[in-house]
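Chemist: First, the structure itself, so that you have it in front of you.
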Amino acid sequence: MSQNSSVPLLTMPIHTQSACLTDLLIHAHSQGIVFPLPNQACLAVLWLQFVNIFTLLFALSIKVPQIVKLLRNKSSQGISLTALSFEVVSYTATTVYYYRQRYAFTLYGEVPIILVQTLLVYLLILHYRRSLSFCDAFVILAYLCLFSCALFTDMIPLFVIECVYGAQFISLLGSRVPQIYINYQNKSTGQLAFATCWLQCVSTTLRAATSWSQLDDHLALGMILCSAVLKWTIVGQFWWYGQITSGQKVKQA
């Protein structure tokens, strides 16, 4: 993978983006909002940057409904711990890959934000299942150490990061398919928070739209599109099983 696979026009430096904004404001002040606007390329860049920043801010609330639901019900029934584990791996691999490829933070910033929230959900599930053991604590500590080494040092070569990210398709499936299957078995979405699943879908769809214009990285684009399809499948299950009574006994994984 090339470290400079972003489209140059859409990843222009901040000072160039500022110049674009200044030109558009001067034009609007002197001539009013007249279409077509000058410098359409600058306008496109600024619009994409606005969507990128909106996606980052949007990500701050994605897992909050799920966290609130877990805290309120003090139960994690119907939530697949297996799927959540793969989700952590998927977000971790994506964060490291984009950071080491030196992509602009606005292209992937929602991923580490959601990763932190997902780790909190993971810990809450372990807590409510009374299964947080010394072994779990050791695994979490080892994960944090490995994550830090991969992100901030060259101890793990870039080609290894690329290979791990390429194999992420497995973790991507693992992060959603077990949950989809549990929902199918239970004919219910259990303690899953609809708002969280819906927000994830919207966030991924926005990211797919912006990445399609800003990245020349087929692997990354494929991952984003696959993720969007799987997330929309889970949202569809909320609609499909919407009439199932919440008191039904549910399974866990």
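Chemist: For Cα pairs less than 8 Å apart in space and 6+ apart in sequence, what is the mean separation divided by the residue count of the range 71-153, i.e. the relative contact order in percent?
Modeler: Computed over the range 71-153, the figure is 41 percent.
Chemist: Here's a follow-up. How high is the relative contact order of the range 75-217, in percent, counting Cα pairs under 8 Å that sit 6 or more residues apart?
Modeler: Answer for the range 75-217 is 46 percent.
Chemist: Let me ask another. At a Förster distance of 41 Å, what's the computed FRET efficiency of V68 paired with D154, Cβ-Cβ distance as r, to 0.05?
Modeler: 0.55
Chemist: Let me ask you something else. Where a Cα-Cα gap under 14 Å defines reach, which aspartates and glutamates qualify for K63, not counting those fewer than 8 residues away within the same chain?
Modeler: Here the aspartates and glutamates satisfying the reach criterion relative to K63 are E87, E110.
Any read-out appearing in this document is the output of simple, stated calculations on the displayed coordinates, not a laboratory observation. Just so it is clear, the structure is predicted and the values come from calculations on it, not from any experiment. Backbone-built Cβ (ideal geometry, glycine too); neighbour counts: all protein chains shown.
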